[in-house]
Structures are given as structure tokens and as C-alpha cells.
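In what follows, a structure is listed as C-alpha cells, so that the remarks can point back to it.
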Amino acid sequence: MTDTSDANEERNRKIARNEEAKQVTGSIRVSTWAVAVVVIVGGILFTLGWLAVR
């Protein structure tokens, strides 16, 4: 292979690693929001249920 091909392959590998890191970060962010929404909705439903029983 030529030097240019090797450089391009290394560049493509670096880009792939960066994209993977971005995807993982995005997934964690979405998961965090999902957990927060579930906790908030659960708290509201629990409160409404508790008030209905009282």
C-alpha cells in the first residue's frame, strides 16, 4: 500500500472511533432523560394515588 492509503485508513479509523464515542454519549443522554421522565411521572402518579386514598 502507499503512504496515502495508510494515512486514509488511519484517518477513517479515527473518524469511526469519534463517531462511536458521540453515539455512546448521545445514548447515555437519552437514557438519562428517559429515567428522569419516568421518575417525574411516577412521582406525580404516586402523589395523585396517595391523595385519592386520603
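One entry in [x] -0.63, -0.69, -0.77; [y] -0.51, -0.58, -0.68; [z] -0.38, -0.49, -0.66 is log10 I(q)/I(0) by the Debye sum over Cα atoms at q = 0.15, 0.17, 0.20 Å⁻¹ calculated from the shown coordinates; its label is [x]. Taken per residue, the accessible surface of the chain reaches 93 Å², heavy atoms only and a 1.4 Å probe. For the chain, the fraction of 1.4 Å probe accessible surface lying on carbon and sulfur atoms is 65 percent.
Think of it as helices only: each DSSP H run of n ≥ 4 in the chain is worth -39500 (n - 2.57), and spread over all residues that comes to -35500 deg cm²/dmol at 222 nm. For segment 19-24, 3J(HN,Hα) computed residue by residue from phi via the Karplus equation (6.51, -1.76, 1.60; θ = phi - 60°) reads 5, 5, 5, 5, 5, 5 Hz, glycine and proline entered as x.
The values are calculated or read from the model by the stated rules, or taken from the named source; none is laboratory data. Because the structure is a prediction, the values reported are computed rather than measured. Note: accessible area is taken over every heavy atom of the protein model, side chains too, but ligands, DNA and RNA are not part of it. Shrake-Rupley method; radii C 1.70, N 1.55, O 1.52, S 1.80 Å.
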